[in-house]
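Structure record follows, encoded as structure tokens.
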Amino acid sequence: QPVIEEPYPPLQIDFTALSAVNPDVVGWLYMENCAINYPIVQGTDNEFYLTRTFEKQVNSCGAIFMDNRNLPDFYDYNTFMYGHNMKNGSMFGRLKDLYREEGLCDQDPYFYIYLADGEVLKYRIFSYYITTDVSDSYNFVNDDAGYEAYVKTAKSRSAYTTTMGS
């Protein structure tokens with residue numbers, strides 16, 4: 001029989017066990033080309049997980065976490081996830097590989113969010129750039145016009161050019 005390829009990597013994630021460790025878990029982030037493979041949490045503020053691990057232990061590495069103002073189902077116009085840019089390549093430290101390895105994003109331009117209900121959200125990277133923590137890149141979008149303007153701005157700042165449409 002022919003092998004039917006999944007539209008996403010078939011990860012086995014036990015959200016029941018993850019929720020038992022930390023009920024703040026909202027999903028799992030997987031990005032193969034940058035070796036990013038972490039649970040995503042969402043706290044009541046955007047400070048707690050800066051210095052707490054997934055297990056809520058004090059640690060300067062923190063956790064991968066979603067902005068507390070976003071919907072936990074990822075259905076906002078734009079969703080913000082935060083994680084430290086670690087020198088050892090952990091957390092979001094390997095995102096620098098997109099700059100270092102020309103063509104890396106073209107080889108595999110996708111990342112995935114796995115949700116507890118079994119849904120898998122597949123995203124295509126269309127832009128990446130370095131910004132500051134006070135950038136307007138962190139503005140929330142609330143309507144179609146705002147979304148179009150946001151995407152246009154992201155593309156204009158991008159260090160990556162894709163043939164993908166809007």
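The values are calculated or read from the model by the stated rules, or taken from the named source; none is laboratory data. The shown structure was predicted, so the numbers you read here are calculated from the model rather than taken from an experiment. Neighbour counts run over all protein chains shown; Cβ positions are idealised from the backbone, glycine included. Only protein heavy atoms, including side chains, enter the accessible area calculation; ligands, DNA and RNA are left aside. Shrake-Rupley method; radii C 1.70, N 1.55, O 1.52, S 1.80 Å.
Rounding to the nearest 20 debye, state how big the charge dipole of the stretch 67-128 is about its Cα centre with +1 on each Lys and Arg Cβ and -1 on each Asp and Glu Cβ. Working shown, then result.
Working: 7 positive and 10 negative charges, 59 e Å.
Magnitude of the dipole: close to 280 debye.
With every protein chain kept in place and ligands, DNA and RNA left out, what is the accessible area per residue of the chain? Probe 1.4 Å, answer in Å².
On the way: 10260 Å² over 166 residues.
Using a 1.4 Å probe on heavy atoms only, each residue of the chain averages 62 Å².
With a 1.4 Å probe and all protein chains kept in place, how do Lys87, Lys152, Lys96, Lys122 rank by accessible area, largest first?
Numbers: Lys87 205, Lys152 150, Lys96 60, Lys122 105 Å².
Highest to lowest solvent-accessible surface, that is Lys87, Lys152, Lys122, Lys96.
Under 20 Å between alpha carbons, and skipping anything fewer than 8 positions from Lys96 in its own chain: which lysines qualify?
Within the straight-line cut-off, Lys96 pairs with Lys87, Lys155.
Once neighbouring chains are kept in place and the probe is 1.4 Å, which whole percent of the accessible area of the stretch 29-78 is contributed by carbon and sulfur?
Details: 1250 of 2460 Å².
Of all accessible area on the stretch 29-78, carbon and sulfur atoms account for 51 percent.
May I ask you to evaluate 6.51 cos²θ - 1.76 cosθ + 1.60, the Karplus curve with θ = phi - 60°, for each residue of the stretch 42-53 and list the ³J(HN,Hα) values in order in whole Hz, giving x for glycine and proline?
Each residue of the stretch 42-53 in turn: 9, x, 7, 9, 9, 10, 3, 7, 5, 10, 9, 6 Hz.
Summing -39500 (n - 2.57) over the DSSP H runs of n ≥ 4 in the chain and dividing by its residue number, what mean residue ellipticity at 222 nm do you reach, to the nearest 500 deg cm²/dmol? Let's see the in-between values first.
Numbers: 4 runs with 29 residues, N = 166.
Dividing the helical sum by the residues of the chain leaves -4500 deg cm²/dmol.
Scan around Phe80 for amide H atoms under 5 Å from its own, H built in the peptide plane at 1.01 Å from N, and keep only partners 5 or more places away or cross-chain.
Asp67
Carbon-plus-sulfur fraction of the accessible area of the stretch 85-127, 1.4 Å probe, in percent?
Working: 1230 of 2520 Å².
Ligands and nucleic acids excluded, carbon and sulfur reach 49 percent.
Tell me, what ³J(HN,Hα) does each residue in the stretch 13-24 have, in order and in whole Hz, if you take phi through Karplus 6.51 cos²θ - 1.76 cosθ + 1.60 with θ = phi - 60° and put x for Gly and Pro?
10, 9, 5, 5, 5, 4, 5, 5, 7, 8, x, 7
For the chain, with a Gaussian network of springs between Cα atoms less than 10 Å apart, report the residue from Asn142, Asn46, Asn33 with the top mean-square fluctuation.
Asn142
Is the shape of the stretch 28-121 rounded, prolate or oblate, going by the alpha carbon gyration tensor and its root eigenvalues a ≥ b ≥ c, with a/c under 1.5 for rounded and a/b larger than b/c for prolate?
Numbers: a/c = 2.01, a/b = 1.22, b/c = 1.65.
Judged from the Cα gyration tensor, the stretch 28-121 comes out oblate (a/c at least 1.5, b/c at or above a/b).
Between Gly89 and residues 5 or more places away or on another chain, which pairs have amide H atoms under 5 Å apart, with H built 1.01 Å from N, and which residues are they?
Residues meeting the criterion, in which the H sits 1.01 Å from N, do not exist here.
Using θ = phi - 60° and the Karplus relation 6.51 cos²θ - 1.76 cosθ + 1.60, list the HN-Hα couplings for the stretch 66-75 in order, rounded to whole Hz, with x at every Gly or Pro.
8, 3, 5, 8, 7, 6, x, 8, 6, 9
Leaving ligands, DNA and RNA out of it, work out the accessible area of Met81 with a 1.4 Å probe and give it in Å² to the nearest 10.
50
In the full protein assembly as shown, how much of Lys56 is accessible to a 1.4 Å probe, in Å² to the nearest 10?
Around 80 Å² of this residue is reachable by solvent.
With every protein chain present, what accessible area does Phe92 have (1.4 Å probe, heavy atoms only), rounded to the nearest 10 Å²?
Rounded to the nearest 10, the figure is 30 Å².
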